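The values are calculated or read from the model by the stated rules, or taken from the named source; none is laboratory data. None of the values given here were measured: they were computed from a predicted structure. Heads up, the Cβs are rebuilt from the backbone with ideal geometry, glycines too, and the neighbour counts pull from every protein chain shown. These accessible areas exclude ligands, DNA and RNA; they are computed on the full protein's heavy atoms, side chains included. Shrake-Rupley method; radii C 1.70, N 1.55, O 1.52, S 1.80 Å.
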Amino acid sequence: MVTKLTPKELAKKEERLAPGHRLCAGCGAAIVVRQMLAAIDEPVVLANATGCLEVATTIYPYSSWRVPWIHNAFENAASTMSGVEAAYRSMVRQGKLEEKDVKFIAYGGDGGTYDIGIQALSGAVERGHQFLYVCYDNGAYMNTGIQRSSATPFGAHTTTSPAGKVIPGKQQFRKDLTKVMAAHDIPYVAQAAPSKWRDLMQKTRKAVNCGGPAFMNVLASCNRGWRHETDETIEVTQLAVDSCFWPLYEVENGEWSLTYKPRKKVPVKKWLERQGRFSHLFRDENRHMIDEMQEEVDRRWEKLLERCGEG
Amino acid sequence: MSKFEALTGNAAVSNAMRQINPDVVAAYPITPQTDTVQTFSEFVADGLVDTEFVTVESEHSAMSACVGASAAGARVMTATSANGLALMWEIIYIAASNRCPIVMSLVNRALSAPINIHCDHSDVMGMRDSGWIILMSENGQEAYDNIIQAIRIGEHPDVLLPVAVCQDGFITSHSLERVELFEDGEVQDFVGTHEPQWPLLDVEDPKTYGPLDFYDYYYEHKRQQVEAMEKAHGVIREVTQEFNDRFGREYGLFEAYRMDDAEVAVIAANSTAGTAKTAVDNLRDQGLKAGLLKLRVFRPFPGQELAEALRGVSAVAVMDRAISFGSMDNAGPLFSEVVSALTLNDVHVPIADYVYGLGGRDIRPGEIENVYQEAFQMAENGKVERRVRYLGVRE
Ligand SMILES: Cc1ncc(C[n+]2csc(CCOP(=O)(O)OP(=O)(O)O)c2C)c(N)n1
Ligand code: SF4
Ligand SMILES: [Mg+2]
């Protein structure tokens with residue numbers, strides 16, 4: 001029987017990511033992974049790109065993973081998983097391995113996904129491997145010390161887009177990778193956030209049961225990079241959702257639908273002001289950037305509403 | 001009954017792959033290897049193999065998928081050349097360090113730039129410190145034979161290392177030659193089934209592959225790779241012996257051609273060894289005592305055996321199809337290996353290096369005969385005139 005998505009039922013399940021790992025307190029990545037893996041009752045096999053989630057869970061001779069897990073390199077979680085999945089299909093077909101409805105999931109950070117790993121990801125989903133690729137998006141290369149990625153929000157201070165006297169933080173709007181993946185016309189693409197945990201878990205179930213390649217982009221706050229308190233992860237994440245910076249939606253067999261619509265759209269400023277990485281934007285000379293960001297978020301949100309038939 | 005067919009070196013390898021019937025192949029096209037994967041794709045399309053062929057979008061992904069599939073518990077093969085190998089670089093090391101016994105057909109081609117599709121050994125020489133076992137092949141037949149043995153060598157529980165089987169781009173990969181194909185059943189019997197010890201796909205007994213490994217363990221893991229390489233030396237001998245017994249061959253770590261009473265020796269690898277044999281025969285016809293050492297196993301380097309085989313000759317010439325830029329005298333990589341093998345084994349003999357054939361530049365028996373003539377002169381004078389020469393280059 002499928003586990004009901006209620007706190008009571010979910011609490012009975014064994015954690016697949018064991019406690020004792022060395023991710024920072026309040027790290028969004030850990031919350032995302034635990035929620036997602038709790039949503040799946042079937043056996044899973046995981047691949048993990050180099051990044052915070054990888055280094056903090058497998059410091060030899062320890063491993064926090066109670067499920068099969070492989071890390072290969074930074075940019076190749078998708079291609080590594082395509083090999084694992086191909087091996088599974090081959091060996092099951094030949095009768096060398098018992099079929100067990102294994103769910104294959106690859107995790108990569110935004111750096112490992114939007115940037116250096118996008119080619120491998122695009123190739124793997126085009127080939128139709130049955131796996132779910134999850135980008136836990138914390139908006140920078142956190143593991144190497146908070147450098148900008150193409151997922152870093154406009155204006156954010158990172159160590160390679162510092163808030164300087166002349167250039168106040170990142171000058172580009174973020175890449176919309178979820179749309180890029182939807183353009184691959186694969187069976188399932190979704191954007192999710194751990195602050196809407198049931199939504200995230202339902203999407204996870206759809207993704208691993210869609211019968212083909214699936215992609216999920218999940219917002220995963222990094223309090224070290226975003227600069228907020230460790231106990232504010234969920235709150236700050238929900239502000240990203242409610243400001244429509246991070247809309248929750250899915251694209252199922254080409255059908256776009258919103259899975260959550262904020263009752264009242266919160267100004268982006270409310271999300272920005274909670275994070276130290278944007279503090280320089282609140283200086284007089286930089287405030288125009290907040291307006292620019294609001295405009296861009298609005299533009300993207302309107303477009304999305306149209307796509308989802310809500311325009 | 002085995003049968004003889006006219007096959008290119010690439011086709012010979014494809015046929016070995018068909019007979020081995022690996023669980024997974026992940027590969028990407030690049031000249032001069034492309035034919036191998038094309039022919040193999042036909043085998044897949046015609047249902048002649050059970051292989052899952054992962055048609056990756058790059059060589060980086062090819063090697064990444066190979067590592068994933070090998071860790072999963074599959075028998076895995078791939079093929080590439082030059083730039084393809086260079087793009088795999090990062091994962092080449094990971095494959096060896098994660099002890100994935102992947103077998104690769106490496107059709108040697110010059111590295112860019114300038115871009116060039118023809119043969120030299122700059123690609124394979126770059127991977128010499130990566131932890132792969134490396135076998136060299138004079139022709140398509142040897143590539144076929146080596147590929148079959150490579151499966152057994154790499155998967156041996158004492159070894160668990162990836163193996164690259166080299167042959168020369170175009171020179172043998174595209175030449176039609178008579179190739180003996182063994183019966184499918186005989187090959188399958190020889191390679192046996194793959195018994196992975198720690199398959200990732202065992203969901204009942206989860207494994208963690210590729211953890212973060214710091215100063216407290218990394219070094220020991222490297223030490224274990226050294227041990228595997230050391231054991232590979234013996235395993236290669238065993239597997240080769242078994243192969244020889246079964247299929248009527250005479251392979252060793254290297255081939256000593258007319259070396260018994262040789263006064264001077266040339267060392268060469270891949271197709272040039274074939275050309276050099278003609279040179280040796282010509283010189284022998286003139287009563288000159290020329291001999292050849294054809295390298296088969298490049299990694300692990302059989303330094304001691306090589307030195308023993310050369311003990312007693314009066315001069316040695318090394319043929320290098322690559323340059324180690326910035327090394328002493330800008331010699332070739334094979335030269336440094338041979339020099340250290342001889343020195344460390346107390347074989348003191350005049351030795352010179354001949355870089356040749358870069359970017360596919362032809363090498364003829366006459367040129368190799370000249371190399372021998374110079375070697376005879378070194379032997380006579382007891383000293384080296386010029387340590388490194390670049391054969392056939394316009395200065
Ligand atoms: C080929 C390569 N380039 C660079 C690195 C260094 N590196 C390791 S992790 C990382 C950043 C990871 O960022 P992301 O994917 O966003 O994951 P996060 O650490 O933020 O969770 C970088 C740049 C590497 N390991 N490999
Ligand atoms: S640095 Fe950020 S992403 Fe990395 S473990 Fe800490 S909170 Fe998580
Ligand atoms: Mg990141």
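Computed values, structure above
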{"quantity": "Environment charge at B:Ser97 (Cβ cut-off 13 Å; Lys +1, Arg +1, Asp -1, Glu -1)", "calculated": "-1"}
{"quantity": "Whole-angstrom gap from segment B:284-363 to segment B:65-80, using each part's C-alpha centre", "calculated": "34"}
{"quantity": "Reachable aspartates and glutamates, given that their alpha-carbon falls under 17 Å from the alpha-carbon of A:Lys269 and they are not under 8 places away in the same chain", "calculated": "A:Glu232, A:Glu235, A:Asp242, A:Asp284, A:Glu285, A:Asp291, A:Glu292, A:Glu295, A:Glu296, A:Asp298"}
{"quantity": "Helix-derived mean residue ellipticity, 222 nm - over the protein assembly as shown, DSSP H n ≥ 4, -39500 (n - 2.57), to 500", "calculated": "-12000 deg cm²/dmol"}
{"quantity": "Nearest-10 value in Å² for the accessible area of B:Ser314, using the 1.4 Å probe", "calculated": "50"}
{"quantity": "Estimated dipole of segment B:254-390 in Debye, rounded to 20 [Cβ of Lys and Arg +1, of Asp and Glu -1, Cα centre]", "calculated": "300"}
{"quantity": "FRET efficiency, 1/(1 + (r/R0)^6) with R0 56 Å, evaluated for A:Thr159 and B:Arg364 via beta carbons", "calculated": "0.45"}
{"quantity": "Whole-angstrom Cα spans of segment A:7-307 along principal axes, big to small", "calculated": "68, 46, 40"}
{"quantity": "Sorted peptide list for A:36-42, A:66-72, B:212-218, criterion being average Cβ within 10 angstrom, highest first", "calculated": "A:66-72, A:36-42, B:212-218"}
{"quantity": "GNM top mover of B:Glu367, B:Glu250, B:Glu204 - chain B, alpha-carbon springs below 10 Å", "calculated": "B:Glu204"}
{"quantity": "Gained length - A:Asn286 relative to A:Thr230, 0.36 nm times residue gap less alpha-carbon distance", "calculated": "17.4 nm"}
{"quantity": "Under the span-like rule (Cα at least 20 Å along the axis, Kyte-Doolittle mean at least 0.5), DSSP H helices of chain B", "calculated": "B:82-97"}
{"quantity": "log10 of Debye I(q)/I(0), alpha-carbon scatterers only, for the protein assembly as shown at 0.08 Å⁻¹", "calculated": "-0.69"}
{"quantity": "Nearby aspartates and glutamates by direct alpha-carbon distance to A:Lys203 (threshold 12 angstrom, same-chain neighbours under 8 apart not counted)", "calculated": "A:Glu250, A:Glu252"}
{"quantity": "Anchor B:Lys277: lysines whose Cα lies under 23 Å away (excluding residues fewer than 8 positions away in-chain)", "calculated": "B:Lys289, B:Lys294"}
{"quantity": "Most to least packed among B:253-260, B:7-14 [average Cβ atoms within 10 Å]", "calculated": "B:7-14, B:253-260"}
{"quantity": "Around B:Asp329: net Lys/Arg minus Asp/Glu count, Cβ-Cβ under 11 Å", "calculated": "+2"}
{"quantity": "Residue pairs, from the table A:Lys175/A:Lys206; A:Lys4/A:Lys261; A:Lys8/A:Lys303; A:Lys196/A:Lys265, whose Cα atoms sit over 27 Å apart", "calculated": "A:Lys8/A:Lys303"}
{"quantity": "Carbon and sulfur %, accessible surface of the protein assembly as shown computed with the full protein complex present, 1.4 Å", "calculated": "49"}
{"quantity": "Alpha-carbon centroids, segment A:11-43 and segment B:140-176: separation in whole Å", "calculated": "44"}
{"quantity": "Environment charge of A:Glu15, counting only residues whose C-beta is closer than 10 Å and scoring Lys/Arg +1, Asp/Glu -1", "calculated": "+3"}
{"quantity": "Dipole of the protein assembly as shown [Lys/Arg +1, Asp/Glu -1 at C-beta], most positive-end residue of B:Ser2, B:Tyr218, B:Asn381", "calculated": "B:Tyr218"}
{"quantity": "Within 10 Å of each Cβ in B:83-92, the average number of Cβ atoms from other chains", "calculated": "1"}
{"quantity": "Partner chain coverage, peptide B:187-199 - average Cβ within 10 angstrom", "calculated": "1"}
{"quantity": "Cα shape, chain B, gyration tensor, a/c 1.5 rule", "calculated": "prolate"}
